[in-house]
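Single-structure report; data block below.
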Amino acid sequence: MSDQNEIYSKVVRAGKRTYFFDIKSTKGNDLYITLTESKKSFGEDGNDNYQKHKIFLYKEDFEKFREGLDDVLAKIEEIRNK
């Protein structure tokens, strides 16, 4: 892979957006995750470019992040099934 500290990458294409879930390591070999949203857009000149938004998720936050994500996904299912 191009990044020396990149361990694993998962690409999810969803309509006009692409999501990248990357596992990376620090110099001290601690793992962290980057979540990147990439969306194609067109400038005034007609050329396409990509808007990117990135979140860094560190190991001490993995469980809380999972709990939060699980909670909102469960709530969405609950709302859909009403």
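Here are a few things to note about the model shown:
- Applying a threshold of 27 Å to the alpha-carbon distances of Lys59/Lys82; Lys10/Lys59; Lys10/Lys40; Lys16/Lys54 flags Lys59/Lys82 as lying beyond it.
- For Lys75, the lysines whose Cα comes closer than 20 Å to its Cα, not counting residues fewer than 8 places off in the same chain, are Lys64.
- MRE, 222 nm, helices only [DSSP H, n ≥ 4, -39500 (n - 2.57), over the chain, to nearest 500]: -8000 deg cm²/dmol
- Computed about its Cα centre, the charge dipole of the stretch 28-82 is approximately 140 debye, with only Lys, Arg, Asp and Glu carrying charge at their Cβ.
- Sequence-separation-based contact order of the stretch 6-80, relative, with Cα cut under 8 Å and 6+ spacing, percent: 20 percent
- The chain, Rg to Rh (Cα coordinates; Rh as Kirkwood inverse mean 1/r): 1.08
Every number here is computed from the coordinates shown, using simple stated rules; none is lab data. For clarity, every value in this text was computed on a predicted model and none was experimentally measured. Note that each Cβ is placed from the backbone with ideal geometry, even for glycine, and that neighbours are counted across all protein chains shown.
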